[in-house]
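The values are calculated or read from the model by the stated rules, or taken from the named source; none is laboratory data. Small disclaimer: the values here were computed from a predicted structure and weren't measured. Cβ sites come from the backbone with ideal geometry, for glycine too, and all protein chains shown count toward neighbours. The protein model used for the area step is the full one, side chains on, heavy atoms only, and it has no ligands, DNA or RNA in it. Shrake-Rupley method; radii C 1.70, N 1.55, O 1.52, S 1.80 Å.
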Amino acid sequence: MVPKNELDTPGLGEVVEKVQEAKDLHLKWLKNPFETELWRSIFRHKVDDAPRNRSLAVLSNVFLHLHPAKVNRDAVRYTFTWGMGGITFYLFLVLTFTGVALMFYYHPTKADAFRDILYLKNDVPFGNFMRNMHRWAAHAMIITVWTHQMRVFMTGSYKPPREFNWNVGVILLLVTMLLSFTGYLLPDDQLGFWAVTVGTNMARATPLIGHEGPLGPEIGATAFNDIRFAMLGGSIVDANALLRAYIWHCVALPLVAGIFMIVHFWRIRKDGSISGPAPVMLASEVKTAKGRR
Amino acid sequence: MDFQQLWEITTLPDNIPIVLLGILTPFFLWYGFREAVKNDRLIAQLEADPALAKTHHRKHQPYHPAWDKTVHVWPYLLRIEFLACLAVTAFLILWAVYFNAPLEEPADPTLTMNPAKAPWYFLGLQEMLVYFDPWIAGVILPNVIVVGLMAIPYMDTSPLGNGYYTWKQRKFAIGGFMFGYLVLWLALAFLGTFVRGPGWMIFWPGEIWDHHRVVHEVNVHLHELFGLTDTLQIAIFGGVATIGFLAAAGGATDFALRKYKPELFRKMNIVQYVHMVGFLVIMAALPVKMVLKLAFGIKYVWVTPWFNV
């Protein structure tokens with residue numbers, strides 16, 4: 001039914017036509033959701049299995065574009081990377097998620113901290129589960145970071161052009177351990193308190209800037225102005241130390257880790273993607289290479 | 001023999017990770033070395049046959065000339081990452097369901113824990129405290145470890161073994177790293193976890209922790225063996241002994257390297273070489289001090305009014 005005039009009010013017949021059109025459209029969309037305007041506005045490439053679309057699936061996605069479009073065919077074998085670096089990153093995400101969940105229930109004060117843990121443990125729905133998962137993911141992350149470093153060493157992946165990225169990795173390993181250490185104090189129980197007391201007592205002995213360290217007292221370091229005081233916000237592990245551990249653990253160190261992770265991942269790409277499995281090089285070829293130089 | 005204590009330590013929820021690490025590390029060592037052996041066999045074959053070396057694809061992985069050298073990340077890598085995330089999540093869920101994170105009594109500064117153990121990943125450091133004063137074990141050595149690790153790429157100049165597993169091409173590098181990581185770091189962490197008990201005393205597997213055990217350790221300082229009493233003499237003697245040891249160890253390392261690894265010496269520039277010898281000597285100082293302490297009861301080598309070594 002064609003309207004006589006563009007200015008005429010659409011009649012019932014036209015409305016019925018629209019309803020039928022709606023049915024047809026929905027059937028079409030359901031049949032092929034990838035052809036809808038909605039889908040295309042999110043994923044800006046076609047979906048049929050063509051090399052170009054496979055590449056675009058990765059390159060046009062903000063989360064996936066850390067990856068190159070293609071990788072060394074042998075690099076996807078478990079025997080080369082053991083997946084340790086990737087699992088480490090995934091554990092960091094798990095820790096961020098569970099950590100944020102725990103933060104909703106935790107006050108970093110001497111009066112509340114321990115009670116909040118009891119509350120999480122006994123009353124909050126999934127509170128105990130989140131706390132357990134956070135704890136074990138943190139331990140697992142230490143294991144995977146160390147094992148990742150062992151793998152990178154064994155495959156010589158710190159060699160040119162990846163020297164700098166190895167250094168970034170060493171810093172990330174350090175930050176991972178500092179994150180664990182600062183998190184240890186937060187339940188405010190005996191375990192954390194004494195571990196952190198023992199740990200920070202070592203800082204007393206820092207040369208020059210510790211009040212029990214070599215040449216520390218001689219230049220005026222006391223328990224109230226030395227490096228340990230700066231770490232704890234006091235001369236003993238108390239309320240200020242709890243707050244500082246909390247800020248380091250939940251804000252400052254994750255930010256530092258995030259920044260170094262950005263550099264780490266970016267450099268993997270810039271340094272020519274994953275290091276191998278590379279073709280083996282022969283000792284006899286090194287000499288000729290040197291002769292040419 | 002009663003292994004109750006060992007069982008208690010092993011099944012402590014906070015120690016599950018180090019037990020896991022104790023299984024995973026040997027596994028991955030074997031797994032990595034298995035690849036290294038395959039590559040080493042290929043390298044030997046190619047070294048013996050230069051004509052083959054010119055045409056060979058140089059990997060031990062399955063190969064076909066018609067295959068692409070690369071594969072698409074989607075789906076070949078992303079599906080692996082997705083499955084790995086699923087597996088890790090499932091593993092964590094089971095772990096979190098069956099094992100509760102430890103929670104002790106509320107913090108009480110008047111009630112000392114004995115033993116007051118750091119988490120397992122710091123026990124290597126805590127164990128070093130037995131052999132060195134805190135300013136060395138807790139401050140200097142951790143910094144040396146971090147700086148030493150970061151210096152590795154700038155000291156190891158061999159282009160061999162870049163991006164593939166090998167043992168024969170990198171015996172010295174891999175041997176040195178593994179000695180540092182497995183012996184001086186992991187073994188000390190295991191010692192701290194499973195052997196150290198109340199008072200940080202040694203309780204071997206099969207022994208029960210005795211909180212009242214008293215050991216009359218006779219700690220001597222090196223200068224006492226020589227009967228020195230004057231403070232200045234002691235300080236000078238200790239300085240000579242310590243610096244003398246470092247110099248002698250450095251000299252011996254240098255001699256051994258030039259004798260057995262002449263190509264290493266020739267390849268490195270002097271700054272690289274001096275730093276490498278320095279890091280090796282500091283690394284060796286830990287086991288040397290451990291032997292001095294454990295076998296001879298020597299606590300300090302160098303005693304001064306300001307610091308002790």
Worksheet, complete the sentence: Subset of the stretch A:36-60, residues in a helix (DSSP H, G or I), away from every other protein chain (no Cβ under 11 Å) and open to solvent by 90 Å² or more (accessible area, probe 1.4 Å), comes to A:E37, A:L38, A:R40, A:I42
Response to the item:
Going through the stretch B:179-206 in order, the residues found to be in contact (Cβ under 8 Å) with a residue 60 or more places away in the chain, surrounded by 14 or more Cβ atoms within 10 Å (Cβ to Cβ) and over 17 Å from B:K117 (Cβ atoms) are B:F179, B:G180, B:L182, B:L184
Worksheet item: more than 7 Å from chain A (Cβ to nearest Cβ), more than 26 Å from B:W30 (Cα to Cα) and surrounded by 21 or more Cβ atoms within 10 Å (Cβ to Cβ) - does that describe any residue in the stretch B:140-153?
Response: yes
Item to complete: Residues being part of a helix (DSSP H, G or I) and of a type in the set (V, I, T): count how many of those fall in the stretch B:172-210.
Response: 4
Item to complete: Can you run down the residue pairs with Cβ atoms below 6 Å, 6 or more apart or on separate chains, where the first is in the stretch B:273-296 and at pLDDT 90 or above and the partner is open to solvent by 40 Å² or more (accessible area, probe 1.4 Å)?
Response: B:V281/B:L246
Worksheet entry | A:G213, sole failed condition from (1) at the interface with chain B (Cβ under 7 Å from one of its Cβ atoms); (2) open to solvent by 20 Å² or more (accessible area, probe 1.4 Å); (3) farther than 30 Å from B:T25 by Cβ | (2)
Worksheet item: Among the numbered criteria (1) part of a helix (DSSP H, G or I); (2) within 14 Å of another protein chain (Cβ to nearest Cβ); (3) surrounded by 17 or more Cβ atoms within 10 Å (Cβ to Cβ), which single criterion is violated by A:E285?
Response: (3)
Worksheet, complete the sentence: When the stretch B:91-116 is checked residue by residue, the ones that are open to solvent by 40 Å² or more (accessible area, probe 1.4 Å) and either of a type in the set (G, A, S) or within 30 Å of B:K289 (Cβ to Cβ) (or both) are B:T112, B:M113, B:N114
Discussion item. What are the pairs with Cβ atoms under 9 angstrom where one residue, in the stretch B:31-42, is in contact (Cβ under 8 Å) with a residue 60 or more places away in the chain and the other, located anywhere, is open to solvent by 10 Å² or more (accessible area, probe 1.4 Å) and assigned to a helix (DSSP H, G or I)? Sequence gap at least six, or different chains.
Written reply: B:G32/A:T79; B:G32/A:R151; B:E35/A:T79
Worksheet, complete the sentence: Within the stretch A:221-234, the count of residues that are crowded, with 17+ Cβ neighbours inside 10 Å and within 14 Å of chain B (Cβ to nearest Cβ) comes to 6
Fill in: Scope the stretch B:154-169; condition free of Cβ contacts under 8 Å to residues at least 24 places away in the same chain and open to solvent by less than 10 Å² (accessible area, probe 1.4 Å); matching residues
B:G161, B:G163
Discussion item. Condition check: assigned to a helix (DSSP H, G or I), surrounded by 23 or more Cβ atoms within 10 Å (Cβ to Cβ) and in contact (Cβ under 8 Å) with a residue 24 or more places away in the chain. Does A:G192 satisfy that?
Written reply: no
Item to complete: Look through the stretch A:65-78, keep the residues that are without any contact (Cβ under 8 Å) to a residue 60 or more places away in the chain and at the interface with chain B (Cβ under 7 Å from one of its Cβ atoms), and return whichever of them is nearest to the chain's Cα centre (by Cα).
Response: A:H67
Worksheet item: Which residues, counting only those in the stretch B:1-51, are of a type in the set (S, T, N, Q), closer than 25 Å to A:I143 by Cα and modelled with pLDDT of 90 or more?
Response: B:N15, B:T25
Discussion item. With the requirement that a residue be open to solvent by 40 Å² or more (accessible area, probe 1.4 Å) and either aliphatic (A, V, I, L, M) or farther than 21 Å from B:F296 by Cβ (or both), what does the stretch B:214-234 give you?
Written reply: B:V214, B:V215, B:V218, B:L225, B:L228, B:D230, B:T231, B:L232, B:Q233
Fill in: Subset tally (residues that are at the interface with another protein chain (Cβ under 8 Å from one of its Cβ atoms) and open to solvent by 30 Å² or more (accessible area, probe 1.4 Å)) for the stretch A:80-111
3
Fill in: Residues within the stretch B:283-309 that are buried (at least 17 other Cβ atoms within 10 Å of the Cβ) and of a type in the set (S, T, Y), tallied
1
Fill in: Test set (1) buried (at least 18 other Cβ atoms within 10 Å of the Cβ); (2) under 23 Å from A:P214 (Cα atoms); (3) under 24 Å from the mean Cα position of the chain (by Cα) - B:F237 fails condition number
(3)
Worksheet item: Regarding B:R258, is this residue more than 22 Å from B:N308 (Cβ to Cβ) and either among the acidic types (D, E) or open to solvent by 40 Å² or more (accessible area, probe 1.4 Å) (or both)?
Response: yes
Worksheet item: Which pairs have Cβ atoms under 7 Å, sit 6 or more apart or on different chains, and link a residue in the stretch A:135-153 that is closer than 19 Å to A:F80 by Cα and more than 7 Å from every other protein chain (Cβ to nearest Cβ) to one that is outside any helix (DSSP H, G or I) and not hydrophobic (A, V, I, L, M, F, W, C)?
Response: A:V152/A:Y158
Worksheet item: Where residues in the stretch B:48-75 are under 15 Å from A:M281 (Cβ atoms) and of a type in the set (D, E, K, R), which of them is farthest from the chain's Cα centre (by Cα)?
Response: B:K54
